[in-house]
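Some notes on the structure that comes next.
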Amino acid sequence: MNRFDRQILEFLLAWAPYGGPPEEDVLTEFGMSADQLDKRRHQIVSTQRTGELNDDERQLALRAANLDYRQPANNGTA
């Protein structure tokens, strides 16, 4: 996993509890739309060979593969 791919996954995971990153932050950080970034996330996690990843990268890819940041975390206000 290259550094750019890792940054994408870490960014998306950091924003997951808040329902995903704001479109303007995605554009500023990565030069693409939020939809494009999510497609890139899917590409990253679906093309990684787990045998080639270290333990941290494997955990990161697994967490990102299960990510659905379009569903905000329940904060008890519902």
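The values are calculated or read from the model by the stated rules, or taken from the named source; none is laboratory data. Small disclaimer: the values here were computed from a predicted structure and weren't measured. Cβ sites come from the backbone with ideal geometry, for glycine too, and all protein chains shown count toward neighbours.
For the stretch 22-29, the count of residues that are among the β-branched types (V, I, T) and at pLDDT 90 or above is nonzero.
A count restricted to the stretch 1-30 and to residues that are surrounded by 12 or more Cβ atoms within 10 Å (Cβ to Cβ) and within 22 Å of G51 (Cβ to Cβ) stands at 6. Taken together, the residues in the stretch 41-70 that are in contact with a helix residue (DSSP H, G or I) (Cβ under 7 Å, 6 or more places away or on another chain) and assigned to a loop (DSSP other than H, G, I, E, B) amount to 4. Out of everything in the stretch 40-72 that is surrounded by fewer than 12 Cβ atoms within 10 Å (Cβ to Cβ) and among the charged types (D, E, K, R), what residue ends up being nearest to E10 (Cα to Cα)? Out of the qualifying residues, it is D56. Yes or no: the stretch 2-19 includes at least one residue that is in contact with a helix residue (DSSP H, G or I) (Cβ under 9 Å, 6 or more places away or on another chain) and not in a helix (DSSP H, G or I). No, the stretch 2-19 contains no residue that is in contact with a helix residue (DSSP H, G or I) (Cβ under 9 Å, 6 or more places away or on another chain) and not in a helix (DSSP H, G or I).
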